[in-house]
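The values are calculated or read from the model by the stated rules, or taken from the named source; none is laboratory data. Quick caveat: nothing in here was measured; it's all calculated off a predicted structure. Because the Cβ atoms are built from the backbone with ideal geometry, glycine has one as well, and the counts that use them run over all protein chains shown. To get the accessible areas, we keep the full protein, side chains included, count just its heavy atoms, and leave off ligands, DNA and RNA. Shrake-Rupley method; radii C 1.70, N 1.55, O 1.52, S 1.80 Å.
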Amino acid sequence: MKKYNHKKIEKKWQKYWEDNLELSQAQENSDKPKFYCLDMFPYPSGAGLHVGHVENYTATDIYSRFKRMNDFNVLHPIGWDAFGLPAENFAIKQGVHPDKSTHDNIKNFINQIKSIGISYDWSREIDTSSPEYYKWTQWFFLFLYKNGLAYKKKAKANWCESCKTVVANEQVVDGKCERCGGEIIQKDLEQWFFKITDFIEDFKGENGKEFSGLINGLDKIDWPNSTKISQKNWIGKSEGTIVSFEIKISNEKSATSLNVFTTRVDTIFGCTYVVLAPESSVTSNLKSVISNQKEVDEYIEATKKKTDLERMENKEKTGVEVKGVKAINPFNNEEVPIYIADYVIGSYGTGAVMAVPAHDERDFEFANNHNLLKKGVIIPSPIKSGLLIGDEIDNVNDSYKHFDDYANKKKDNIRKGIEIFVEDGTVIDSGEYSGLKSEEAREKMTAWLEKEGKGEMKVNYRLRDWLVSRQRYWGAPIPIIYCDKCGEVAVLEKDLPVMLPTDVDFKPTGESPLAISKSFHDVTCPLCGEKARRESDTMDTFVCSSWYYLRFADSQNKEEFASRENLEKWLPVDLYMGGAEHTVLHLLYARFFTKVLAKYGYINFDEPFLKLRHQGMIMAEDGRKMSKSLGNVVNPDDVVEGFGADALRIYEMFMGPIDEMKAWSMQNVNGPKNFLDKVWKIFNEKELIDCGGDCKDIPRELPVMLHKTIKKVTIDIESFNFNTAISQMMIFINEFGKHDKLPKFAMEKFLILLAPFAPHMAEEIWSSFAEATADKSDVEKYKQSIFLQKWPEFDEAMTKDEEVEMVVQVNGKIRDRIKINTEISEEEAKKIALESEKVKVYTEGKEIRKVIYVKGKLISIVVG
RNA sequence: GCCGCGGUGGUGAAAUUGGUAUACACGCCAGUCUUAGGAACUGGUAGGUUUUCCUGUGCGAGUUCGAGUCUCGCCCGCGGCACCA
């Protein structure tokens, strides 16, 4: 027998597939239903393909091949997320232009992907760093801009005073510039934003159609629950109340007031002070009346120097009182002091909060540091985790009475602010609201505020607009021109793409590298023709990846990002797979882009990815993350070399559930390798007999095994349980390997099942049938690729064994196992069980109370 | 801290509505073949008892004829978010 030479055979079929592209291409004209199966396109890093890529691409490759064999017109494309910081950093370090290093890396990725037999439609390959692609990224920018969804606004950035430039967060060390050691401050700078916050809630399209927003859309798509929850948390919707506190200046009520946002208005009678964020404009409006202006200013200045990161890291809650003014609680007219503290975030809510130290951990901490009053107004509701409070105790079991003292003490501690209580409960010491449950109190208090004109219900979101401008070279230039006369002007569509200049020094000076290129920077205004300058920032790479799945529908189109016809034909994506690290950013941005297009009538769906799955991370053999510095990285090339591509594919699928984290084991690769060797051996050594339709000579277990296997493999691929599909194929081979003569039809069907997992070996064996077959009419069939075969169907009746083992339990313990015919009646089964000698030992002389029968599985006898 | 996911042999892991726990594979042990190494093949492989049972799915309760699976309370590990009022 010739040994399976994986190197030679895999090369052979990879060449065959390249010569026969129609096997993997989506068909332009077809009556078959479409299926769009997409992988998150990779960033072509210098490190090459990672085993995690292999896991992702193999899973969807199996699925795509399976779908094609089930008569779907499958679109399974690939491309390159080529812009990005790493290429630029590599360029700076090695002096190689990012364009060159990126394209070298892409070549390497292509070779590696082809070496594991992934059936991509290469005719639709895209590269986000090519002008043909980023022309449309720029078009999207203009599209958003024209619809008021892209805008420029001042935003905080790290500014180095001596370099006169912005630096990235990573370039700030201990509040100083990494390069010059100069002081870094937070400075408001003009930045570009996309208005993603417009699409949080459901919206109407221009044509009047209703679409789901970023929150509700999640309910109608098949995504991992954890991913949906992450997105919801990121959006961070919270419903609360805005309360207006009047400001009292040196004992006079003033016309000014300040608004706070709270989700716990039920605690407002416990408010003992109010806190403003340092960014708040309230203090600047009160300048003339603040008696400690200098102290306040110093605190604000000190805050400005801190980065957001430092502000959060600071564990001590600092702040200063704004003296000379007081805030008046609208509910009880109490005057409370006003503080300014950096634990309050300026950009969220109103940038001011009412502090209730008895019921909020942060306020509690701050109050302790500054010796402020604490006043508890919420106590645990009567029964909570066995803790009983107040009058109710008398109505409950006497044995609980000893809790009384404890409960009263707790209640007292909360009231005095000695103990903090942050949950909902019952309101006390709050005038007419006392005795209400937190939730009722919130409703009634908010209603009162609205009636008095002193507040309102308000929904706030954590999600901010998306800051898309980057002061970097290796990205798509933002297509905007600044003219002294006309101001901000959009580049005309006919002038797209705004080419990324190749002649600039891409090394970072802190400023946008593009600003240095005169040929790029100096232009004439498209409106008035006067001298003007280009925007020199580039776009965040996430912008490129927010729409690439649309481009695949029509990747060569020169007139549009994709034709409506092709979008309609292929979108939305039916199955999307990629790493869980993209649960928030990429997936949220892509959904945003889809919703914008839906709103303006370009597409008629509002969710881009109907079904999403993540592959679990593959760890190194030592259980740690694979990393260059630890030297524990497994290179897929080495595995292909040593074991073969098919063995690598099956190993990665056999490791465990696709979405779980798993550790690599070089030793365990032997399993799939042995399995494939066994398959090869059986097809080469055993006699395959053509037994026509009835196959009378063949023991029934063989066709039963075949049908069981077809069923299991089919269902398991459909549900992404590749590991158990493979173990079923192993069981099949173990069983068939015991016989010398094997029915050819069964082995052929098995080979078709195996083909998506081990495409090279399957093609090789399939093609070998062409010579071996006795029936000359079959020769043509075997000369074709196995992937043109139809996926086998199973006969449910043939998946059932004739005899099964029935378990007999007595009082829940197994006492006998009896072989029975599957089809016998319940009466017969019970009779057989009760007559068993082993069972009689336990039932003799006892009353049989109950006999439970589970068809084909077990009898449970209950005796007294 | 909050949210999510998980905990089953020496290892990776299986297990429809609750219904035979440990399928499949790795590793290990023994045997066959071989000059030998390796490969291949056959058998064994949860623990305790020894030929018949008992105990076993992180820990402790509960529901049930029956719990890895359901309920409650803990412990541990991993991932994400983290001063969002």
Is it the case that some residue within region A:553-560 is touching a residue at least 12 places away in the same chain (Cβ under 8 Å) and in a helix (DSSP H, G or I)?
yes
Near pairs, Cβ below 7 angstrom, 6+ apart or cross-chain, from region A:841-852 (open to solvent by 100 Å² or more (accessible area, probe 1.4 Å)) to any residue that is near RNA strand B (Cβ under 8 Å from one of its atoms):
A:Arg849/A:Val862; A:Lys850/A:Val862
Can you confirm whether region A:737-754 contains a residue that is of a type in the set (A, V, I, L, M, F, W, C), out of contact with any Gly (no Cβ under 7 Å at 6 or more places or on another chain), within 16 Å of RNA strand B (Cβ to nearest atom) and at pLDDT below 95?
yes
How many of the residues making up region A:55-79 are part of a strand (DSSP E or B) and under 18 Å from A:Ser785 (Cβ atoms)?
2
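This table checks each residue for (1) among the β-branched types (Val, Ile, Thr); (2) out of contact with any helix residue (DSSP H, G or I) (no Cβ under 7 Å at 6 or more places or on another chain); (3) farther than 22 Å from A:Phe736 by Cβ.
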| residue | (1), (2), (3) |
| --- | --- |
| A:Met661 | no, yes, yes |
| A:Lys673 | no, no, no |
| A:Asp677 | no, yes, no |
| A:Asn684 | no, yes, no |
Of these, A:Ser519, A:Ser563, which one is touching an Asp or Glu at 6+ places or on another chain (Cβ under 6 Å), surrounded by fewer than 22 Cβ atoms within 10 Å (Cβ to Cβ) and of a type in the set (S, T, N, Q)?
A:Ser563
Exactly one of (1) near RNA strand B (Cβ under 9 Å from one of its atoms); (2) open to solvent by 90 Å² or more (accessible area, probe 1.4 Å); (3) not hydrophobic (A, V, I, L, M, F, W, C) is unmet by A:Glu823. Its number?
(1)
Mind listing whichever residues of region A:250-291 are open to solvent by less than 30 Å² (accessible area, probe 1.4 Å) and more than 40 Å from the chain's Cα centre (by Cα)?
A:Ser254, A:Phe269, A:Gly270, A:Thr272, A:Tyr273, A:Thr283, A:Leu286, A:Ile290
Selection count, region A:237-268, where residues are within 8 Å of RNA strand B (Cβ to nearest atom) and under 22 Å from A:Pro608 (Cβ atoms):
0
Give the residue, chosen from A:Leu648, A:Leu630, A:Leu676, A:Leu612, that is within 15 Å of RNA strand B (Cβ to nearest atom), of a type in the set (A, V, I, L, M, F, W, C) and closer than 30 Å to A:Phe203 by Cα.
A:Leu612
Which one is most open to solvent (accessible area, probe 1.4 Å), of the residues in region A:463-513 that are farther than 22 Å from A:Val596 by Cα, modelled with pLDDT under 90 and β-branched (Val, Ile, Thr)?
A:Thr502
Of the numbered conditions (1) of a type outside the set (A, V, I, L, M); (2) assigned to a loop (DSSP other than H, G, I, E, B); (3) open to solvent by 10 Å² or more (accessible area, probe 1.4 Å), A:Gly52 fails exactly one; give the number of that condition.
(2)
Can you find even one residue in region A:523-541 that is assigned to a helix (DSSP H, G or I) and not aromatic (Phe, Trp, Tyr)?
yes
Can you say whether A:Lys838 is near RNA strand B (Cβ under 10 Å from one of its atoms), exposed (fewer than 12 other Cβ atoms within 10 Å of the Cβ) and not small (Gly, Ala, Ser), as far as the supplied structure shows?
no
Go through (1) open to solvent by 60 Å² or more (accessible area, probe 1.4 Å); (2) of a type outside the set (Asp, Glu); (3) within 30 Å of A:Pro224 (Cα to Cα) one by one and return the number of the condition A:Leu753 breaks.
(1)
Would you check which residues across region A:340-369 are more than 8 Å from RNA strand B (Cβ to nearest atom) and over 26 Å from A:Val427 (Cα atoms) and list them?
A:Ile340, A:Ala341, A:Asn369
Somewhere in region A:318-335, is a residue within 9 Å of RNA strand B (Cβ to nearest atom), surrounded by fewer than 20 Cβ atoms within 10 Å (Cβ to Cβ), under 40 Å from the mean Cα position of the chain (by Cα) and not in a helix (DSSP H, G or I)?
yes
Where a residue in region A:621-632 is free of Cβ contacts under 8 Å to residues at least 60 places away in the same chain and its partner, wherever it lies, is of a type in the set (Asp, Glu), with Cβ under 6 Å and at least six apart:
A:Asn632/A:Asp622
Counted residues in region A:428-449 being away from RNA strand B (no atom under 16 Å from the Cβ) and either assigned to a loop (DSSP other than H, G, I, E, B) or within 13 Å of A:Val265 (Cα to Cα) (or both) come to 12
Just to verify a result, which residue in region A:225-236, among those that are open to solvent by less than 30 Å² (accessible area, probe 1.4 Å) and more than 8 Å from RNA strand B (Cβ to nearest atom), is farthest from A:Lys611 (Cα to Cα)?
A:Ile235
Does region A:799-817 include one or more residues that are part of a loop (DSSP other than H, G, I, E, B) and more than 49 Å from the chain's Cα centre (by Cα)?
no
